[in-house]
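Asker: Okay, handing you the structure first.
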Amino acid sequence: MSAIISVQSLTKTYDGGFQALKSVSLDINEGEVFALLGPNGAGKTTLISTICGLVRPTSGTITVGGFDAIRNYREARKLIGLVPQEMPVSHFEKVIDMVSFSRGLFGMRSNPALVEEILKDLSLWDKHRAPIMALSGGMKRRLLVAKALAHEPKVLFLDEPTAGVDVELRRDMWRIVENLKNRGVTIILTTHYIEEAEEMADRVGVINKGEIILVEEKNELMRKLGRKELTLHLQTPISELPAGLEAHDLTIGDDGKSLTYSYDTKSERTGITALLNDLSKAGVRFHDLNTTQSSLEDIFVDLVKEKA
């Protein structure tokens, strides 16, 4: 799979001396959904703004679709659609006029049929003649997506697209992203909602303190770094581990009515069979059990703590 965006040794130091990006190198593949995760102040927005040409890097190179994003800014920027968290708009401007004007800004010929298709896809067509001030918060968020898609970009950046919106709109946005991916649009998503990355992303990148600390396929990341837990619900509460169970990674529940066993998903053997045998020998009986696996959020928190 070829890279549509390539960032090499990118740094950004602001006038006050703060280094927001520290030699970031990253390739984003054509047609993928890439989730960029990181805590507040990690450098997510600075990285996106630099790729989109809104912030000039201190050093390093950026190519978009083969164009140098600094020397060939117009060609590179034409390939990018950007949906920021917020954008100042004219409240009296009509929805269709805003989207049509955005297309014209990139030198694209008028295409009313395409604008209509975009607005219908985003459930905005029935409001296409309405002033922006008449839209709800969720509709305004959709309008920003429509504006970003008006010039038919090959790459779409979504910066916290569902921050502060309700669950229904969040799921609508997931559907929109899936439809765009099916059309071949490359999508880069930043989010605080880890379940969004877990739901939509093909690959995950984690940035912390201006450095990329990990880039991995989502499923492979969860396989390699995820842990599973087996919880045994005991027939009789215990206050301490009986002899013979010390070799197992066991934790007693607060009420003494459960035992939790952690094991590595990468291991060839889980050790569960040996655990059950030792429990039987120790006279520990249970009436139920269940397993859980680390979520992407668990992995993300562990990674950030580890690199802190």
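The values are calculated or read from the model by the stated rules, or taken from the named source; none is laboratory data. Remember, predicted model here, so these are calculated numbers, not experimental data. Note that each Cβ is placed from the backbone with ideal geometry, even for glycine, and that neighbours are counted across all protein chains shown.
Asker: Surrounded by 13 or more Cβ atoms within 10 Å (Cβ to Cβ) and out of contact with any Gly (no Cβ under 8 Å at 6 or more places or on another chain): is that true of Asp121 in this structure?
Answerer: Values: surrounded by 13 or more Cβ atoms within 10 Å (Cβ to Cβ): yes; out of contact with any Gly (no Cβ under 8 Å at 6 or more places or on another chain): yes.
Yes; evaluated as a whole, the condition is true for this residue.
Asker: Considering every residue within region 269-282, establish whether at least one is assigned to a loop (DSSP other than H, G, I, E, B), at pLDDT 80 or above and outside the structural domain of Gly38 (by TED's automatic domain parsing). I'd like the intermediate steps shown before the answer.
Answerer: From region 269-282, those assigned to a loop (DSSP other than H, G, I, E, B) are 269-271; that's our starting set.
From what is left, the residues that are at pLDDT 80 or above are 271.
Those left that are additionally outside the structural domain of Gly38 (by TED's automatic domain parsing): 271.
Yes, some residue in region 269-282 is assigned to a loop (DSSP other than H, G, I, E, B), at pLDDT 80 or above and outside the structural domain of Gly38 (by TED's automatic domain parsing).
Asker: Suppose the filter is farther than 20 Å from Ala35 by Cβ, modelled with pLDDT of 90 or more, in contact with a strand residue (DSSP E or B) (Cβ under 9 Å, 6 or more places away or on another chain) and surrounded by fewer than 18 Cβ atoms within 10 Å (Cβ to Cβ); does Glu93 pass it? Full working, then the answer.
Answerer: On the way: farther than 20 Å from Ala35 by Cβ: yes; modelled with pLDDT of 90 or more: yes; in contact with a strand residue (DSSP E or B) (Cβ under 9 Å, 6 or more places away or on another chain): yes; surrounded by fewer than 18 Cβ atoms within 10 Å (Cβ to Cβ): yes.
Here the answer is yes, as Glu93 does meet what is asked.
Asker: Given the criteria β-branched (Val, Ile, Thr), in contact with a helix residue (DSSP H, G or I) (Cβ under 7 Å, 6 or more places away or on another chain) and assigned by TED's automatic domain parsing to the domain that holds Asp27, does Val206 qualify?
Answerer: Values: β-branched (Val, Ile, Thr): yes; in contact with a helix residue (DSSP H, G or I) (Cβ under 7 Å, 6 or more places away or on another chain): yes; assigned by TED's automatic domain parsing to the domain that holds Asp27: yes.
Yes; evaluated as a whole, the condition is true for this residue.
Asker: Okay, next question. From the list Ser90, Ser100, which one is of a type in the set (S, T, N, Q), over 26 Å from Thr45 (Cβ atoms) and free of Cβ contacts under 8 Å to residues at least 60 places away in the same chain?
Answerer: Values: Ser90 fails: over 26 Å from Thr45 (Cβ atoms).
Answer to the check: Ser100.
Asker: To continue, here is another question. Condition (residue is over 29 Å from Leu221 (Cβ atoms), at pLDDT below 95 and not aromatic (Phe, Trp, Tyr)) applied to region 27-41: is it met by at least one residue? Walk me through it before giving the result.
Answerer: Let us first name the residues in region 27-41 that are over 29 Å from Leu221 (Cβ atoms), namely none.
Checking region 27-41: not a single residue is over 29 Å from Leu221 (Cβ atoms), at pLDDT below 95 and not aromatic (Phe, Trp, Tyr).
Asker: Let me ask you something else. Between Ala130, Ala197, which is small (Gly, Ala, Ser), in contact with a strand residue (DSSP E or B) (Cβ under 8 Å, 6 or more places away or on another chain) and farther than 30 Å from Phe101 by Cβ?
Answerer: Numbers: Ala130 fails: farther than 30 Å from Phe101 by Cβ.
Only one candidate qualifies: Ala197.
Asker: Another question, if that's okay. Before we move on, is Thr13 hydroxyl-bearing (Ser, Thr, Tyr) and either at pLDDT below 95 or under 20 Å from Arg203 (Cα atoms) (or both)? It would help to see each step written out before you state the result.
Answerer: Working: hydroxyl-bearing (Ser, Thr, Tyr): yes; either at pLDDT below 95 or under 20 Å from Arg203 (Cα atoms) (or both): no.
Considered against the rule, which asks whether it is hydroxyl-bearing (Ser, Thr, Tyr) and either at pLDDT below 95 or under 20 Å from Arg203 (Cα atoms) (or both), Thr13 comes out as no.
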